[in-house]
Each structure stands twice: as structure tokens, then as C-alpha cells.
Amino acid sequence: VARRAEPVTSGVCLPRGACRADQPFALFDGETEIPLQSAPLVVGRDGGLRWVLLDFQVDVGAKETRRLVLKTRPPVARPAAAIQVDEDDDALAVDTGALRLAIAKRKPFALFDALRAQGGPDLRGGAVEAVEAKTGLRLRAGEPKRVVLEYRGPLRVTARVEGAYEPVPDALPAGGAAPRLGYVTRITAWAGRSDVLVQHILANSN
């Protein structure tokens, strides 16, 4: 299918000794420069850059192949609408230009405390729950212990949220012990887009 402004994330291996960790990069489609977000991915003991992480968006027609060229030079092209991030003690807010979302830091984790796509209604997340198969005990994601930006740039941001599950009120039998179950959730958003990627990991006591 044809894709427009399709997000691409890719690591690129570099020849040993070719680049330092602070090397800037620019990406080209023929003579046209494409806005690029890059970050060191693997740096050798000698300070040389072995892998670089690239984020960009590209138009690709149905069954079409695009050949892009990565150059070691400062980038000039900038995204039409860069991601804006606001953070305080209560929440982390991300605005992609097409979507605005907020992740609460002091409330039970509900994926999103607030969410609004461009031209759409204000939405709020629901409870994030799990059920222990053997007992039927219902657990609910509690207040995050940690909310951080794991990756941040003008084209892509990834927030990492960590916390623990707690028994739903009145769900824990008398004298019973709740299983030690945590969550690690990554929420990724891209500039100019209203879709997000959610990766929710259940973490046991180990």
C-alpha cells in the first residue's frame, strides 16, 4: 500500500574509526534532504561511533522502493511540525501537532490521563487491569513510580512508565497476599501523526 509520512526507525552500522560519537548526520532522497533525528546508539571504547539510531518519515508508493543516502554533515532540513513536550511534577504532556496526550504521574496509571486528536473530543484513559488466572484476583495498575522520556527529539518521543499492580479494592481475600506484579510501559508518538505505539510489559518479582 502507499504510505505517506511513514515513520521509520533504523540503526545503521558504521565503519570502525569513521565517526566520533558527536558526528552530525543528514539524510537525502536524491538531492532532497529529509528531516532526520539521529542519536548515538553504540559508542566504542575509543570514542568512535559504531551504530547510529535514525528516525525519519518518508513517502513510499505502493510496491515502490526508496534508496536514501546518509551523509556526515550537519542537517539543514527541519520537520514541518516538531514535537512539543511539557513536563511538571504532575504530568508529562506530548503534542505532535495532530495529537496531544498527557501521562499522569500522581494518579493510577490509565495509559493516558488526557488525550485529544486534532478536531476530536477530549478523551481519558481507563483502568489498566490484569487478572491472576489461578485465583481470578483482579489487579489494577497503580500510580507510576517513574515516568521518564527514554528518547526525545523533534520527530519521535518515547516515554517510559514504570509501576506496580495493586489489588482492586475489596478483591483481595482476607489473609491473602497479592502477587508481586509490575508494569513497564513505553508510549511512542511521532511528529504530525495522531497514532501512537503502546508497548505494555508485565514484570514479575524478578
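The values are calculated or read from the model by the stated rules, or taken from the named source; none is laboratory data. Since this is a predicted model, take the numbers as computed values, not measurements. Backbone-built Cβ (ideal geometry, glycine too); neighbour counts: all protein chains shown. Only protein heavy atoms, including side chains, enter the accessible area calculation; ligands, DNA and RNA are left aside. Shrake-Rupley method; radii C 1.70, N 1.55, O 1.52, S 1.80 Å.
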**Request:** Please state which one of Asp29, Asp88 is among the acidic types (Asp, Glu) and surrounded by 14 or more Cβ atoms within 10 Å (Cβ to Cβ).
**Result:** Asp29
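Please go through region 107-124 and pick out each residue that is over 16 Å from Ala159 (Cα atoms) and open to solvent by 30 Å² or more (accessible area, probe 1.4 Å). Talk me through it step by step, then tell me what you get.
Here is the first cut: in region 107-124, the residues over 16 Å from Ala159 (Cα atoms) are 107-108, 116-124.
If the condition is that a residue be over 16 Å from Ala159 (Cα atoms) and open to solvent by 30 Å² or more (accessible area, probe 1.4 Å), then Lys107, Pro108, Arg116, Ala117, Gln118, Gly119, Pro121, Asp122, Leu123, Arg124 are the ones that fit.
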**Prompt:** Hey, does region 169-186 have a residue that's at pLDDT 95 or above, open to solvent by 50 Å² or more (accessible area, probe 1.4 Å), farther than 10 Å from Leu139 by Cβ and of a type outside the set (Ser, Thr, Tyr)?
**Reply:** yes
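Is it the case that Ala104 is open to solvent by 20 Å² or more (accessible area, probe 1.4 Å) and either closer than 19 Å to Thr188 by Cα or in contact with a Lys or Arg (Cβ under 7 Å, 6 or more places away or on another chain) (or both)? Before the answer, list the steps.
Values: open to solvent by 20 Å² or more (accessible area, probe 1.4 Å): no; either closer than 19 Å to Thr188 by Cα or in contact with a Lys or Arg (Cβ under 7 Å, 6 or more places away or on another chain) (or both): yes.
For Ala104, the condition - open to solvent by 20 Å² or more (accessible area, probe 1.4 Å) and either closer than 19 Å to Thr188 by Cα or in contact with a Lys or Arg (Cβ under 7 Å, 6 or more places away or on another chain) (or both) - is not met.
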**Message:** Restricting to region 26-58, name every residue that is under 22 Å from Thr158 (Cα atoms) and touching a Cys at 6+ places or on another chain (Cβ under 7 Å).
**Reply:** Trp51
**Message:** For region 133-153, check the following and say yes or no: at least one residue is within 28 Å of Leu54 (Cβ to Cβ), open to solvent by less than 30 Å² (accessible area, probe 1.4 Å) and assigned to a loop (DSSP other than H, G, I, E, B).
**Reply:** yes
